[in-house]
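What follows draws every value from the coordinates through simple rules; no lab data is involved. From a predicted model like this one, the values you see are computed outputs, not experimental measurements. Heads up, the Cβs are rebuilt from the backbone with ideal geometry, glycines too, and the neighbour counts pull from every protein chain shown.
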Amino acid sequence: MRVRFWGVRGAFASTQADTLRVGGNTPCVEVRDKNDELVILDAGIGLYWLGKQLLTGPFGRGKGNLTLLLSHTHWDHIQGFPFFVPAFIPGNSVVVWGPGEAELQAVLAGQLDPTYSPLVSMDNFAAKVDVNELSPGQQLTLGKLSVRHARLPNGNHTTVGYRIREGERSIAYLPELEHAGALAPAALELAQGCDVLIHETYYSPAQLEAGGASLGGPSAPAANGHSSFAQAVDLALATGVKRLLCFYHHPDRPDAEVEALMQAERERIGDATLEIDTAREGAEFEL
């Protein structure tokens, strides 16, 4: 299994110079099995850049097939979808899976409405685009990859986390969730014993202790729905994960602060056997 990050930022894209080493595009992760079966996790702005790269292979000739797994439909997780160039090439196939509580097809089509987009509707995609809603407990087999999912708490909403396995190796993708009072049971179950955990670290421990950090300022509604660096580390330790990759970085958080918060966690856990690093745009690893 090969994994590459195309977008790692939360809420909205960040183009400030001090965020570019970690990366400023919103969530998108590429996963491939040993036979090159392609699965994409989330469709933030990073999806545009992945799509451009895919044009150099079968997708550029109208012979590409992929599966897109969405964690939820907040805008930062779907805003790259209308700009995914392979979807405009006849012959390509894009199969979308995601949460089904609000008619996933209608949500994705809604952002192409002429109020927002000159595309008008999904009918203007030349590729075959098939949208499906996940059922509770449903598992997917995608090439050599086995995929299961779980609903995760996210403030007043829920998101979907995924666990992807090839052979004896597995990753857990938990891009947004809130551990309210204790580590979320569904997250603990999904991540148990995996090789790599990709977990959001939107808040610093201090921000979480203060009740979050709303992008709207002090007069905005209370912030919720997210996790801190410490909570991500605690979940990794509780589940026996080998490597934690910090993900979904706050748009205001510069690279140096990300590094400092991770270093603080390394020092907090002392000799515990856990590798802590950040998910960086362009970074790749293989299991």
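Here are a few things to note about the model shown:
- Stokes-Einstein diffusion coefficient of the chain, Kirkwood radius over Cα pairs, 37 °C, 0.692 mPa s, in µm²/s: 172 µm²/s
- For the chain, the longest principal axis of the alpha carbon atoms and the long axis of helix 229-239 meet at an angle near 90°.
- Dipole of region 2-286 computed with +1 at Lys/Arg Cβ and -1 at Asp/Glu Cβ about the Cα centre; of 60, 131, 70, farthest Cα towards the positive end is 60.
- Listed by chain and number, the lysines whose alpha-carbon sits under 20 Å from that of residue 34, ignoring those within fewer than 8 places in the same chain, are 63, 144.
- Counting neighbouring beta carbons within 10 Å and listing from fewest to most, the residues 163, 268, 280 come out as 268, 280, 163.
- Tensor-based shape of region 1-147 (alpha-carbon gyration tensor, a/c under 1.5 rounded, otherwise prolate or oblate): rounded
- Full-extension gain in nm, residue 257 to residue 113, via 0.36 nm per residue minus C-alpha separation: 48.0 nm
- Rounded to 10°, Cα long-axis angle of helix 255-269 versus longest principal axis of the chain: 50 degrees
- Centre separation in Å (Cα based) which lies between region 141-214 and region 52-97: 23 Å
- Share, in percent, of DSSP beta bridges within the chain that are antiparallel, nearest 5: 50 percent
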